[in-house]
Amino acid sequence: MNIIEIIEKKAKGKKLSRKEIEYFVFGYTKNEIPDYQMSSLLMAIKLKGMTKKETVDLTRAMLNSGDVNDLSNISRYTVDKHSTGGVGDKTTIVLAPLVASCGLTIAKMSGRGLGHTGGTIDKLESIPGFRTSLSFDEFSNQAKKIGVVVIGQTQELVPADKKMYALRDVTGTIDSMPLICSSIISKKLASGANIIELDVKYGDGAFMKSKKDAKELANLMKYVGQKLGRKINAVISDMNQPLGYNIGNALEVIECIETLKGHGPKDLTSLCLHICAEFLVMAKKFTNYDDAYDYASNNLYSLKALEKFKEFVTAQGGNANVVDNYKLFKQPKYSCDIKCDRNGTIKVVKALAIGHASMLLGGGRMNKDDIIDMSAGIVLHKKANDIVKENDIIATCYSDKIISKELQNLILKAFVIK
Ligand code: URA
(Lines give C-alpha, C1' and ligand atoms only; values in the text may rest on other atoms or scores of the structure.)
Protein backbone atom coordinates (compact mmCIF):
# COMPACT_ATOMS: atom_id res chain seq x y z
CA MET A 1 0.00 0.00 0.00
CA ASN A 2 1.23 3.50 -0.66
CA ILE A 3 -0.17 6.96 -0.18
CA ILE A 4 0.10 8.00 -3.85
CA GLU A 5 -2.13 5.11 -4.92
CA ILE A 6 -4.64 6.04 -2.20
CA ILE A 7 -4.70 9.69 -3.33
CA GLU A 8 -5.17 8.67 -7.00
CA LYS A 9 -7.90 6.20 -6.08
CA LYS A 10 -9.88 8.83 -4.17
CA ALA A 11 -9.27 11.46 -6.87
CA LYS A 12 -11.01 9.08 -9.31
CA GLY A 13 -13.97 8.91 -6.91
CA LYS A 14 -13.32 5.30 -5.86
CA LYS A 15 -14.08 3.88 -2.42
CA LEU A 16 -11.20 3.41 0.02
CA SER A 17 -10.99 0.23 2.09
CA ARG A 18 -10.79 0.20 5.89
CA LYS A 19 -7.11 -0.80 5.64
CA GLU A 20 -6.29 2.10 3.29
CA ILE A 21 -8.06 4.56 5.58
CA GLU A 22 -6.21 3.25 8.64
CA TYR A 23 -2.95 3.44 6.69
CA PHE A 24 -3.23 7.16 5.99
CA VAL A 25 -4.73 8.14 9.38
CA PHE A 26 -2.09 6.31 11.44
CA GLY A 27 0.70 7.21 8.99
CA TYR A 28 -0.14 10.91 9.14
CA THR A 29 -0.48 10.89 12.95
CA LYS A 30 2.98 9.29 13.24
CA ASN A 31 4.47 11.89 10.84
CA GLU A 32 5.20 9.19 8.24
CA ILE A 33 2.99 10.91 5.67
CA PRO A 34 3.91 14.54 4.97
CA ASP A 35 1.47 17.48 4.98
CA TYR A 36 1.58 17.94 1.19
CA GLN A 37 0.36 14.39 0.50
CA MET A 38 -2.25 14.55 3.24
CA SER A 39 -3.60 17.87 1.97
CA SER A 40 -3.90 16.40 -1.52
CA LEU A 41 -5.86 13.45 -0.13
CA LEU A 42 -8.09 15.72 1.99
CA MET A 43 -8.90 17.78 -1.12
CA ALA A 44 -9.75 14.59 -3.04
CA ILE A 45 -12.08 13.57 -0.17
CA LYS A 46 -13.66 17.02 -0.14
CA LEU A 47 -14.28 16.92 -3.91
CA LYS A 48 -15.28 13.27 -4.35
CA GLY A 49 -16.88 12.63 -0.95
CA MET A 50 -16.98 9.39 1.01
CA THR A 51 -19.59 6.69 1.43
CA LYS A 52 -21.17 6.17 4.85
CA LYS A 53 -19.01 3.07 5.34
CA GLU A 54 -15.82 4.99 4.52
CA THR A 55 -16.91 7.70 6.99
CA VAL A 56 -17.40 5.07 9.71
CA ASP A 57 -13.93 3.63 8.94
CA LEU A 58 -12.37 7.10 8.98
CA THR A 59 -14.01 7.96 12.32
CA ARG A 60 -12.93 4.64 13.86
CA ALA A 61 -9.34 5.10 12.70
CA MET A 62 -9.23 8.66 14.07
CA LEU A 63 -10.75 7.52 17.38
CA ASN A 64 -8.09 4.81 17.69
CA SER A 65 -5.24 7.23 16.99
CA GLY A 66 -5.05 8.13 20.73
CA ASP A 67 -6.53 7.44 24.17
CA VAL A 68 -10.20 6.62 24.63
CA ASN A 69 -11.67 7.47 28.06
CA ASP A 70 -13.23 4.60 29.96
CA LEU A 71 -16.15 5.87 32.04
CA SER A 72 -17.65 2.43 32.66
CA ASN A 73 -16.60 2.42 36.34
CA ILE A 74 -18.45 5.71 36.93
CA SER A 75 -21.91 4.59 35.94
CA ARG A 76 -23.68 2.15 33.64
CA TYR A 77 -24.89 5.03 31.52
CA THR A 78 -22.95 8.25 31.18
CA VAL A 79 -24.42 10.93 28.97
CA ASP A 80 -22.75 13.68 26.97
CA LYS A 81 -23.91 16.27 24.52
CA HIS A 82 -22.10 18.07 21.75
CA SER A 83 -23.06 21.39 20.24
CA THR A 84 -21.67 22.41 16.88
CA GLY A 85 -21.29 25.87 18.42
CA GLY A 86 -23.03 29.17 18.34
CA VAL A 87 -23.58 32.52 20.02
CA GLY A 88 -25.03 32.60 23.54
CA ASP A 89 -25.02 28.79 23.58
CA LYS A 90 -25.00 28.14 27.31
CA THR A 91 -27.00 24.89 27.16
CA THR A 92 -24.48 22.69 29.02
CA ILE A 93 -24.53 24.90 32.14
CA VAL A 94 -28.29 24.36 32.57
CA LEU A 95 -28.45 20.87 31.12
CA ALA A 96 -25.64 19.27 33.18
CA PRO A 97 -27.20 19.88 36.64
CA LEU A 98 -30.69 19.22 35.24
CA VAL A 99 -29.64 15.83 33.90
CA ALA A 100 -27.89 14.95 37.17
CA SER A 101 -30.96 15.98 39.18
CA CYS A 102 -32.88 13.42 37.09
CA GLY A 103 -30.56 10.62 38.23
CA LEU A 104 -28.30 10.41 35.17
CA THR A 105 -24.53 10.89 35.19
CA ILE A 106 -22.87 13.52 33.04
CA ALA A 107 -19.06 13.53 33.06
CA LYS A 108 -18.14 16.02 30.41
CA MET A 109 -15.10 17.58 28.81
CA SER A 110 -15.79 20.92 27.20
CA GLY A 111 -13.91 23.46 25.15
CA ARG A 112 -12.95 27.13 25.21
CA GLY A 113 -14.31 29.80 22.92
CA LEU A 114 -12.67 31.14 19.79
CA GLY A 115 -13.82 33.90 17.46
CA HIS A 116 -17.54 34.67 17.63
CA THR A 117 -18.42 31.47 19.54
CA GLY A 118 -18.08 31.08 23.28
CA GLY A 119 -16.91 28.03 25.21
CA THR A 120 -18.43 26.36 28.26
CA ILE A 121 -15.09 26.22 30.10
CA ASP A 122 -14.60 29.99 29.88
CA LYS A 123 -18.18 30.57 31.03
CA LEU A 124 -17.78 28.31 34.07
CA GLU A 125 -14.50 30.03 34.95
CA SER A 126 -16.42 33.30 35.37
CA ILE A 127 -17.75 31.80 38.64
CA PRO A 128 -15.20 32.86 41.29
CA GLY A 129 -13.02 29.90 42.32
CA PHE A 130 -14.45 27.42 39.79
CA ARG A 131 -11.78 24.87 38.76
CA THR A 132 -12.04 23.42 35.27
CA SER A 133 -8.86 21.43 35.51
CA LEU A 134 -9.20 18.28 37.63
CA SER A 135 -7.21 15.04 37.71
CA PHE A 136 -8.93 12.00 36.22
CA ASP A 137 -9.49 10.62 39.75
CA GLU A 138 -11.13 13.87 40.91
CA PHE A 139 -13.19 13.86 37.72
CA SER A 140 -14.50 10.33 38.17
CA ASN A 141 -15.00 10.62 41.96
CA GLN A 142 -17.11 13.75 41.53
CA ALA A 143 -19.17 12.11 38.77
CA LYS A 144 -19.81 9.10 41.01
CA LYS A 145 -20.66 11.26 44.04
CA ILE A 146 -22.92 13.96 42.60
CA GLY A 147 -23.58 12.83 38.99
CA VAL A 148 -22.12 15.91 37.33
CA VAL A 149 -18.64 17.13 36.46
CA VAL A 150 -17.43 19.41 33.65
CA ILE A 151 -13.76 20.00 32.92
CA GLY A 152 -11.53 21.23 30.10
CA GLN A 153 -9.87 18.71 27.84
CA THR A 154 -6.92 17.25 29.77
CA GLN A 155 -5.14 14.55 27.85
CA GLU A 156 -4.79 14.56 24.13
CA LEU A 157 -7.77 12.74 22.71
CA VAL A 158 -7.74 12.00 18.97
CA PRO A 159 -4.28 13.26 17.97
CA ALA A 160 -5.15 12.46 14.33
CA ASP A 161 -7.87 15.14 14.42
CA LYS A 162 -5.56 17.69 15.97
CA LYS A 163 -3.17 17.38 13.02
CA MET A 164 -5.81 16.91 10.34
CA TYR A 165 -7.98 19.80 11.55
CA ALA A 166 -5.00 22.19 11.59
CA LEU A 167 -4.13 21.13 8.03
CA ARG A 168 -7.76 21.41 6.84
CA ASP A 169 -7.90 24.90 8.29
CA VAL A 170 -5.14 26.13 5.94
CA THR A 171 -5.96 24.06 2.84
CA GLY A 172 -9.62 24.94 2.26
CA THR A 173 -10.81 21.47 3.27
CA ILE A 174 -12.89 22.22 6.36
CA ASP A 175 -16.12 22.20 4.42
CA SER A 176 -16.66 18.48 3.83
CA MET A 177 -19.41 16.38 5.47
CA PRO A 178 -17.34 13.18 6.01
CA LEU A 179 -14.39 15.19 7.35
CA ILE A 180 -16.55 17.27 9.71
CA CYS A 181 -18.45 14.18 10.86
CA SER A 182 -15.34 12.09 11.56
CA SER A 183 -13.65 15.01 13.35
CA ILE A 184 -16.59 15.67 15.68
CA ILE A 185 -17.66 12.08 16.30
CA SER A 186 -14.16 10.70 16.91
CA LYS A 187 -13.63 13.32 19.64
CA LYS A 188 -17.06 12.76 21.18
CA LEU A 189 -16.62 8.98 21.28
CA ALA A 190 -13.12 9.32 22.74
CA SER A 191 -14.60 11.31 25.66
CA GLY A 192 -16.16 8.03 26.80
CA ALA A 193 -19.93 8.55 27.28
CA ASN A 194 -22.20 5.84 25.93
CA ILE A 195 -25.25 8.06 25.41
CA ILE A 196 -24.77 11.13 23.25
CA GLU A 197 -27.01 13.95 22.06
CA LEU A 198 -25.81 16.17 19.23
CA ASP A 199 -27.08 19.72 19.02
CA VAL A 200 -26.52 20.62 15.38
CA LYS A 201 -27.08 24.32 14.83
CA TYR A 202 -27.86 26.08 11.58
CA GLY A 203 -28.03 29.71 10.59
CA ASP A 204 -26.01 32.89 10.47
CA GLY A 205 -24.06 32.26 13.71
CA ALA A 206 -23.52 28.53 13.12
CA PHE A 207 -21.03 26.38 11.29
CA MET A 208 -23.80 25.01 9.03
CA LYS A 209 -25.57 27.89 7.35
CA SER A 210 -28.64 25.99 6.08
CA LYS A 211 -31.09 23.74 7.90
CA LYS A 212 -30.74 21.19 5.09
CA ASP A 213 -26.96 20.88 5.64
CA ALA A 214 -27.44 20.69 9.42
CA LYS A 215 -29.89 17.80 8.94
CA GLU A 216 -27.54 16.01 6.56
CA LEU A 217 -24.65 16.34 9.01
CA ALA A 218 -26.83 15.26 11.95
CA ASN A 219 -28.02 12.13 10.11
CA LEU A 220 -24.49 11.19 9.10
CA MET A 221 -23.15 11.71 12.64
CA LYS A 222 -26.00 9.65 14.12
CA TYR A 223 -25.34 6.85 11.64
CA VAL A 224 -21.60 6.78 12.37
CA GLY A 225 -22.05 7.02 16.17
CA GLN A 226 -24.56 4.18 16.16
CA LYS A 227 -22.34 2.00 13.95
CA LEU A 228 -19.55 2.55 16.46
CA GLY A 229 -21.72 1.32 19.32
CA ARG A 230 -23.16 4.41 20.99
CA LYS A 231 -26.74 5.47 21.63
CA ILE A 232 -26.88 8.75 19.82
CA ASN A 233 -29.54 11.23 18.82
CA ALA A 234 -29.57 14.73 17.38
CA VAL A 235 -31.57 17.93 17.63
CA ILE A 236 -31.42 20.57 14.91
CA SER A 237 -31.59 24.06 16.40
CA ASP A 238 -31.76 27.59 15.08
CA MET A 239 -28.69 29.83 15.39
CA ASN A 240 -29.82 32.70 13.18
CA GLN A 241 -30.02 34.70 16.36
CA PRO A 242 -28.30 34.12 19.72
CA LEU A 243 -29.74 31.57 22.15
CA GLY A 244 -31.37 33.42 25.04
CA TYR A 245 -30.70 37.10 25.68
CA ASN A 246 -27.24 37.22 27.30
CA ILE A 247 -23.94 36.90 25.42
CA GLY A 248 -20.63 36.95 27.32
CA ASN A 249 -19.22 34.69 30.01
CA ALA A 250 -20.56 35.90 33.39
CA LEU A 251 -23.71 37.24 31.71
CA GLU A 252 -24.44 33.81 30.28
CA VAL A 253 -23.94 32.05 33.62
CA ILE A 254 -26.38 34.55 35.18
CA GLU A 255 -28.93 33.68 32.49
CA CYS A 256 -28.37 29.98 33.23
CA ILE A 257 -29.03 30.57 36.93
CA GLU A 258 -32.21 32.44 36.05
CA THR A 259 -33.22 29.47 33.88
CA LEU A 260 -32.55 27.07 36.74
CA LYS A 261 -34.76 29.32 38.91
CA GLY A 262 -37.50 28.78 36.34
CA HIS A 263 -37.31 32.26 34.75
CA GLY A 264 -35.22 31.42 31.70
CA PRO A 265 -35.82 32.40 28.10
CA LYS A 266 -38.15 30.06 26.24
CA ASP A 267 -35.66 28.93 23.56
CA LEU A 268 -32.96 27.95 26.07
CA THR A 269 -35.37 26.33 28.53
CA SER A 270 -37.11 24.20 25.92
CA LEU A 271 -33.84 23.10 24.29
CA CYS A 272 -32.50 21.93 27.68
CA LEU A 273 -35.73 20.11 28.59
CA HIS A 274 -35.83 18.46 25.17
CA ILE A 275 -32.25 17.17 25.37
CA CYS A 276 -32.76 16.00 28.95
CA ALA A 277 -35.92 14.11 27.92
CA GLU A 278 -34.03 12.44 25.06
CA PHE A 279 -31.31 11.34 27.49
CA LEU A 280 -33.90 9.90 29.88
CA VAL A 281 -35.44 7.85 27.06
CA MET A 282 -32.05 6.68 25.71
CA ALA A 283 -31.02 5.66 29.26
CA LYS A 284 -34.28 3.69 29.52
CA LYS A 285 -35.51 5.65 32.55
CA PHE A 286 -38.67 6.35 30.54
CA THR A 287 -40.17 4.65 27.50
CA ASN A 288 -42.25 7.65 26.57
CA TYR A 289 -40.73 11.00 25.55
CA ASP A 290 -43.62 13.10 26.94
CA ASP A 291 -43.34 11.49 30.39
CA ALA A 292 -39.59 12.09 30.33
CA TYR A 293 -40.12 15.74 29.34
CA ASP A 294 -42.62 16.24 32.19
CA TYR A 295 -40.18 14.67 34.66
CA ALA A 296 -37.33 16.95 33.49
CA SER A 297 -39.66 19.94 33.64
CA ASN A 298 -40.70 19.09 37.16
CA ASN A 299 -37.04 18.85 38.24
CA LEU A 300 -36.39 22.27 36.76
CA TYR A 301 -39.42 24.11 38.16
CA SER A 302 -39.20 22.47 41.60
CA LEU A 303 -35.63 23.88 41.78
CA LYS A 304 -34.02 20.43 42.16
CA ALA A 305 -31.75 21.24 39.22
CA LEU A 306 -30.77 24.56 40.86
CA GLU A 307 -29.80 22.69 44.06
CA LYS A 308 -27.71 20.33 41.91
CA PHE A 309 -26.08 23.32 40.23
CA LYS A 310 -25.00 24.66 43.66
CA GLU A 311 -23.59 21.23 44.55
CA PHE A 312 -21.74 21.09 41.23
CA VAL A 313 -20.25 24.58 41.63
CA THR A 314 -19.18 23.88 45.22
CA ALA A 315 -17.64 20.51 44.27
CA GLN A 316 -15.44 22.26 41.71
CA GLY A 317 -14.30 24.94 44.16
CA GLY A 318 -16.64 27.68 42.95
CA ASN A 319 -18.57 30.13 45.09
CA ALA A 320 -22.19 28.91 44.95
CA ASN A 321 -23.37 32.16 46.62
CA VAL A 322 -23.33 33.64 43.10
CA VAL A 323 -26.77 32.05 42.75
CA ASP A 324 -28.21 34.63 45.16
CA ASN A 325 -25.81 37.48 44.54
CA TYR A 326 -24.83 38.29 40.95
CA LYS A 327 -22.54 41.06 42.23
CA LEU A 328 -20.06 38.31 43.15
CA PHE A 329 -19.27 38.00 39.44
CA LYS A 330 -16.60 40.34 38.10
CA GLN A 331 -18.24 43.71 37.37
CA PRO A 332 -17.46 45.66 34.18
CA LYS A 333 -16.02 49.18 34.26
CA TYR A 334 -18.25 50.51 31.49
CA SER A 335 -21.73 49.88 30.19
CA CYS A 336 -23.74 51.46 27.45
CA ASP A 337 -27.31 51.22 26.15
CA ILE A 338 -27.98 50.73 22.45
CA LYS A 339 -31.03 52.65 21.30
CA CYS A 340 -33.20 51.77 18.33
CA ASP A 341 -32.97 54.22 15.41
CA ARG A 342 -36.45 53.65 13.91
CA ASN A 343 -39.94 52.23 14.48
CA GLY A 344 -40.72 48.72 13.28
CA THR A 345 -40.64 44.99 13.98
CA ILE A 346 -37.41 43.09 14.54
CA LYS A 347 -36.90 40.46 11.86
CA VAL A 348 -33.77 38.94 13.34
CA VAL A 349 -30.84 39.81 15.64
CA LYS A 350 -27.88 38.54 13.64
CA ALA A 351 -25.99 36.01 15.74
CA LEU A 352 -22.67 36.30 13.94
CA ALA A 353 -22.54 40.11 14.33
CA ILE A 354 -23.51 39.92 18.02
CA GLY A 355 -20.92 37.20 18.67
CA HIS A 356 -18.29 39.27 16.91
CA ALA A 357 -19.23 42.42 18.86
CA SER A 358 -19.11 40.52 22.16
CA MET A 359 -15.61 39.32 21.27
CA LEU A 360 -14.53 42.91 20.52
CA LEU A 361 -15.94 44.04 23.89
CA GLY A 362 -13.45 41.59 25.45
CA GLY A 363 -15.82 38.64 25.97
CA GLY A 364 -14.10 36.37 23.46
CA ARG A 365 -10.78 35.55 21.86
CA MET A 366 -9.53 36.56 18.45
CA ASN A 367 -6.46 34.34 19.01
CA LYS A 368 -6.13 31.21 21.11
CA ASP A 369 -3.97 32.90 23.76
CA ASP A 370 -6.02 36.10 24.24
CA ILE A 371 -7.21 36.79 27.78
CA ILE A 372 -10.96 37.12 28.27
CA ASP A 373 -12.79 39.83 30.20
CA MET A 374 -15.33 37.72 32.10
CA SER A 375 -17.66 40.70 32.65
CA ALA A 376 -17.83 41.75 28.99
CA GLY A 377 -20.73 41.05 26.71
CA ILE A 378 -24.17 42.07 25.55
CA VAL A 379 -27.67 41.75 26.97
CA LEU A 380 -30.34 41.84 24.29
CA HIS A 381 -33.62 43.40 25.37
CA LYS A 382 -35.44 42.60 22.14
CA LYS A 383 -35.38 39.72 19.69
CA ALA A 384 -37.18 38.61 16.53
CA ASN A 385 -40.86 39.56 16.22
CA ASP A 386 -40.66 42.24 18.95
CA ILE A 387 -42.14 45.61 18.02
CA VAL A 388 -39.81 48.54 18.67
CA LYS A 389 -39.96 52.32 18.62
CA GLU A 390 -37.23 54.84 17.92
CA ASN A 391 -35.11 55.41 21.06
CA ASP A 392 -36.19 52.15 22.74
CA ILE A 393 -33.23 50.48 24.46
CA ILE A 394 -32.73 47.26 22.51
CA ALA A 395 -29.45 46.09 24.03
CA THR A 396 -26.94 46.94 26.76
CA CYS A 397 -23.26 46.21 26.39
CA TYR A 398 -20.58 45.81 29.04
CA SER A 399 -16.80 46.01 28.95
CA ASP A 400 -13.67 46.94 30.85
CA LYS A 401 -12.73 49.04 27.79
CA ILE A 402 -14.36 52.29 26.71
CA ILE A 403 -17.08 51.22 24.26
CA SER A 404 -16.50 53.03 20.97
CA LYS A 405 -19.26 54.52 18.78
CA GLU A 406 -18.15 52.11 16.05
CA LEU A 407 -18.74 49.11 18.25
CA GLN A 408 -22.12 50.47 19.39
CA ASN A 409 -23.05 50.83 15.72
CA LEU A 410 -22.02 47.26 14.99
CA ILE A 411 -24.45 46.06 17.67
CA LEU A 412 -27.22 48.33 16.38
CA LYS A 413 -26.69 47.00 12.83
CA ALA A 414 -27.13 43.42 14.07
CA PHE A 415 -30.82 44.22 14.61
CA VAL A 416 -32.63 43.78 11.30
CA ILE A 417 -35.77 45.91 11.60
CA LYS A 418 -38.62 45.99 9.12
N1 URA B 1 -15.77 21.15 14.55
C2 URA B 1 -14.90 20.12 14.65
O3 URA B 1 -14.54 19.69 15.75
N4 URA B 1 -14.43 19.57 13.51
C5 URA B 1 -14.79 20.00 12.27
O6 URA B 1 -14.34 19.46 11.28
C7 URA B 1 -15.70 21.08 12.20
C8 URA B 1 -16.18 21.63 13.37
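The values are calculated or read from the model by the stated rules, or taken from the named source; none is laboratory data. Everything quoted here is computed from the prediction, not taken from an experiment. Every residue, glycine as well, gets a Cβ built from its backbone with ideal geometry; the counts of neighbours run over all protein chains shown. For accessibility, only protein heavy atoms count, side chains too; no ligands or nucleic acids. Shrake-Rupley method; radii C 1.70, N 1.55, O 1.52, S 1.80 Å.
Just how much of Asp291 is accessible, in Å², when a 1.4 Å probe is used and the result is rounded to the nearest 10?
In the full protein context, Asp291 sits at about 80 Å².
State the Kirkwood hydrodynamic radius of the stretch 3-49 in Å, one decimal place, computed from all pairs of distinct Cα atoms.
10.5 Å
Asp67's amide H: which non-local residues (gap 5+, or another chain) put their own amide H closer than 5 Å, with H modeled 1.01 Å from N in plane and none for Pro or chain starts?
Under 5 Å from the amide H of Asp67 lie the amide H atoms of Val158, each far enough along the sequence or on another chain.
Can you tell which of Cys181, Cys336, Cys102 shows the greatest fluctuation in a Gaussian network model of the chain with Cα springs below 10 Å?
Cys336
Tell me the relative contact order for the stretch 224-325 as a rounded percent, counting alpha carbon contacts under 8 Å between residues six or more apart.
Relative contact order, the stretch 224-325: 21 percent.
Where the Cα atoms of the stretch 235-298 are projected onto their three principal axes, how long is each span, largest first, in whole Å?
Largest first, the stretch 235-298 extends 37, 26, 16 Å along its Cα principal axes.
Please list 3J(HN,Hα) in residue order for the stretch 35-52, calculated via the Karplus relation 6.51 cos²θ - 1.76 cosθ + 1.60 where θ = phi - 60°; whole Hz, with x for glycine and proline.
Ordered by residue, 3J(HN,Hα) equals 4, 5, 6, 5, 5, 5, 5, 4, 5, 5, 5, 4, 6, 9, x, 9, 6, 4 Hz.
Ignoring solvent entirely, what values of log10 I(q)/I(0) come out of the Debye formula for the stretch 1-125 at 0.15, 0.17, 0.21 Å⁻¹ when each Cα is a single scatterer?
Per q value, in the given order, log10 I(q)/I(0) is -0.89, -0.96, -1.08.
Please list, ordered by chain and number, the residues whose modelled amide H lies under 5 Å from the amide H of His82; skip anything fewer than 5 residues away on the same chain.
Answer set, sorted by chain and number: Glu197, Leu198, Asp199.
Once both axes come from the Cα atoms, what is the angle between helix 266-282 and the longest principal axis of the chain, in degrees from 0 to 90, rounded to 10?
40 degrees
Please arrange Tyr23, Tyr28, Tyr398 by accessible surface area, largest first, computed with a 1.4 Å probe and ligands excluded.
Listed by decreasing accessible area, they come as Tyr23, Tyr398, Tyr28.
Give the Debye-formula value of log10 I(q)/I(0) at each listed q (0.10, 0.16, 0.18, 0.20 Å⁻¹), with one equal scatterer per alpha carbon of the stretch 260-362, two decimals each.
Debye output, listed in q order: -0.50, -1.01, -1.08, -1.12.
Which one, Ala44, Gly129, Asn141, is farthest towards the positive end of the dipole of the chain when Lys and Arg carry +1 and Asp and Glu -1 on their Cβ?
Ala44
So what is the 222 nm mean residue ellipticity for the chain from helices alone, if each DSSP H run of at least 4 adds -39500 (n - 2.57) and you divide by all residues, rounding to the nearest 500 deg cm²/dmol?
-14000 deg cm²/dmol
In Å and from the alpha-carbon atoms only, list the Rg and Dmax of the chain.
Cα-based Rg and Dmax for the chain come out at 21.9, 69 Å.
Can you return the lysines within cross-link range of Lys330? Criterion is Cα-Cα under 17 Å, with same-chain partners fewer than 8 residues away left out.
Those lysines meeting the cut-off are Lys123, Lys401.
Which residue, Glu311, Glu216, Glu252, has the most motion in a Gaussian network model of the chain that connects Cα atoms within less than 10 Å?
Judging by the Gaussian network model, the answer is Glu216.
Any chance you could run the full-extension gain for Asn73 through Tyr289? It's 0.36 nm times the residue separation minus the Cα-Cα distance, nm to one decimal.
Extra length available between Asn73 and Tyr289 comes to 75.0 nm.
To the nearest 20 Debye, how big is the dipole of the stretch 3-49 about its Cα centre, given +1 on the beta carbon of each Lys and Arg and -1 on that of each Asp and Glu?
340 debye
When the chain is modelled as a GNM with alpha-carbon springs shorter than 10 Å, which of Pro265, Pro34, Pro178 fluctuates the most?
Answer for the Gaussian network model of the chain: Pro34.
What is the ratio of the Cα radius of gyration of the stretch 124-187 to 2.2 N^0.38 Å, with N the residue count, to two decimals?
Ratio of Rg to 2.2 N^0.38 Å for the stretch 124-187: 1.50.
Using all alpha carbons of the stretch 331-417, what is the percent of pairwise distances in each 5 Å bin, ordered from the shortest bin to the longest?
Pairs per bin, as whole percents: 3, 16, 27, 23, 16, 9, 4, 2, 0.
Express the relative contact order of the chain as a whole percentage, based on alpha carbon pairs under 8 Å and six or more residues apart in sequence.
Answer for the chain is 19 percent.
Would you mind checking the tilt of helix 91-101 against the longest principal axis of the Cα atoms of the chain, expressed as 0 to 90 degrees and rounded to 10?
Once rounded, the angle reads 90 degrees.
Roughly how many Å² of Asp369 are accessible to a 1.4 Å probe, to the nearest 10?
140 Å²
Please list, ordered by chain and number, the residues whose modelled amide H lies under 5 Å from the amide H of Gly318; skip anything fewer than 5 residues away on the same chain.
When sequence neighbours closer than 5 places are left aside, the close amide H contacts are Arg131.
How big, on average over all directions, is the shadow cast by the Cα convex hull of the stretch 154-241, in nm²?
Average projection, Cα convex hull of the stretch 154-241: 6.1 nm².
Taking the 0 to 90 degree range and rounding to the nearest ten, how far is the long axis of helix 18-29 tilted relative to the main principal axis of the chain, both from C-alpha atoms?
Helix 18-29 sits at roughly 60 degrees to that axis.
Using the C-alpha atoms of the stretch 30-99, what convex hull volume per residue, in cubic angstrom, is computed?
Expressed per residue, the convex hull around the Cα atoms of the stretch 30-99 is 173 Å³.
Evaluate the charge dipole of the chain about its Cα centre and quote only its size in Debye, nearest 20, assuming +1 on the Cβ of each Lys and Arg and -1 on the Cβ of each Asp and Glu.
920 debye
Given contacts defined as C-alpha pairs under 8 Å and at least six residues apart, what's the relative contact order of the stretch 339-418, whole-number percent?
Across the stretch 339-418, relative contact order equals 48 percent.
Which residue, Ser297, Ile7, Val25, has the largest displacement toward the positive end of the dipole of the chain when charges sit on each Cβ (Lys, Arg +1; Asp, Glu -1)?
Projecting each Cα onto the dipole axis, the largest value belongs to Ile7.
I need the phi-derived Karplus couplings for the stretch 404-414: 6.51 cos²θ - 1.76 cosθ + 1.60, θ = phi - 60°, integer Hz, Gly and Pro marked x.
5, 4, 4, 5, 4, 5, 4, 5, 4, 5, 6
Once you charge only the Cβ atoms, +1 for Lys and Arg and -1 for Asp and Glu, what is the size of the charge dipole of the stretch 287-418 about its Cα centre, to the nearest 20 debye?
Result for the stretch 287-418 is approximately 520 debye, rounded to the nearest 20.
Can you work out ³J(HN,Hα) from phi for every residue in the stretch 75-87, in order, using Karplus 6.51 cos²θ - 1.76 cosθ + 1.60 and θ = phi - 60°, giving whole Hz and x for Gly and Pro?
Karplus values, whole Hz, x for Gly and Pro: 6, 4, 10, 10, 10, 8, 10, 10, 10, 6, x, x, 10.
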